[in-house]
1. Given a 1.4 Å probe and the protein chains all in place, what does the accessible area of residue 245 round to, in Å² to the nearest 10?
2. When Lys and Arg each count +1 and Asp and Glu each count -1, what net charge do the other residues less than 15 Å away from residue 211, Cβ to Cβ, add up to?
3. Could you order 255, 178 so the one with the most accessible surface comes first? Probe is 1.4 Å.
4. In the range 106-308, what percent of the accessible surface is made up of carbon and sulfur (1.4 Å probe, ligands and nucleic acids excluded)?
5. If each of residue 230 and residue 176 carries a label point 7 Å out from its Cα toward its Cβ, how far apart are those two points in nm?
6. Of the peptides 112-122, 287-297, 230-240, how do they stack up when ordered by the mean number of other Cβ atoms within 10 Å, highest first?
7. Heavy atoms of the protein only, probe of 1.4 Å, neighbouring chains included. What is the accessible area of residue 199 in Å², nearest 10?
8. Once a ≥ b ≥ c are taken as the square roots of the eigenvalues of the Cα gyration tensor of the range 228-313, is the result rounded (a/c under 1.5), prolate (a/b larger than b/c) or oblate (a/b not larger than b/c)?
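The values are calculated or read from the model by the stated rules, or taken from the named source; none is laboratory data. The structure presented is a predicted model; accordingly, all values stated were derived computationally and were not measured. Here the Cβ positions follow ideal geometry from the backbone for every residue, glycine too, while neighbour counts run over all protein chains shown. Calculation scope for accessible area: heavy atoms of the full protein, side chains included, ligands and nucleic acids excluded. Shrake-Rupley method; radii C 1.70, N 1.55, O 1.52, S 1.80 Å.
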Amino acid sequence: MGYPILAILDMYKEGSFIVSRLFVHYWKHQVQLDNEKAIMRDSDVTCMPKSRTVTFRKEPSLLQTLLSPVLEFLKCLLLMHFFSLQSILWCSQHITLLSFSSQPILYSYFRSSCSWRVRIALALKGISYDLVPVNLIKDGGQQFSAEFKALNPMQQVPALKIDGITLSQSLAIINYLEETRPNPRLLPQDPKRRAQVRMIADHIASGIQPLQNLSVLKQMGEKKMEWAQNCITSGFQALEQILQHTAGHYCVGDEVSMADLCLVPQVANAERFKVDMGPYPTITRINKALLELEAFKISHPSRQPDTPAELRA
């Protein structure tokens, strides 16, 4: 099968010391030859008879004659070493890039608020991806299939295959995208604002959404609507108060952040469960502004490949 690229590079590292030592010896000898040539020029004996000029020069030494082909060989060896190493490094770089060049795959459900967060992040960062729908209701829930369980043992969406790894949990995915593809930023550079963004994102992702998630509502029976309304109302009361101190045009200041990616899907959940949004003017204002952005529009549940016809925009 031949040597892997890294193994070949290691071999060149070992051999480079020998070649470099040969080059040093060659260089030193070349300097010595140049010095001898200079001495020879100075020692030329010139006879100038009336009819003509005759110049006598020293012949090269036996050592010079013997070393000349050896030195030429060392030149060739050095060039071969250099260009071969450059070729291997070029191949190694391109093989590395190719290994991460496949299109990301997002496993998503059109109505999943967690999946929506990731779709927004991918859209904002301009990352193309393939989407594999996972219907959380059909056939008892496709997330419970053996195939999907092997992909995500938590049997939840979203899951994202990217850069040779599979990630689950929306905030972990968004953080990875932020670290590997930082433009545009979803986390502010200022430490205080960055902490506020994470606080709001966690407030929604940990303190509101899980309590009204599908798996919880199934346990509530006929009271699931009342339960969802109570959970969202309690969370929004706190969130409205927080946003009054952090908001600019969006949740934290005037730049879209990870907090906004969590806010919009949660407001959609509130509307679906018929929560009165009157007491939350700051949340409502920010949500309306965000929905005007293209990334939020194309990632909307009403515009997904698995959106039922009756719910399409």
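1. 150
2. Local net charge: +2.
3. Sorted descending by solvent-accessible area, the residues read 255, 178.
4. 51
5. 3.7
6. 112-122, 230-240, 287-297
7. Number for this one is 90 Å².
8. Taking the square roots of the gyration eigenvalues as a ≥ b ≥ c, the range 228-313 is oblate.
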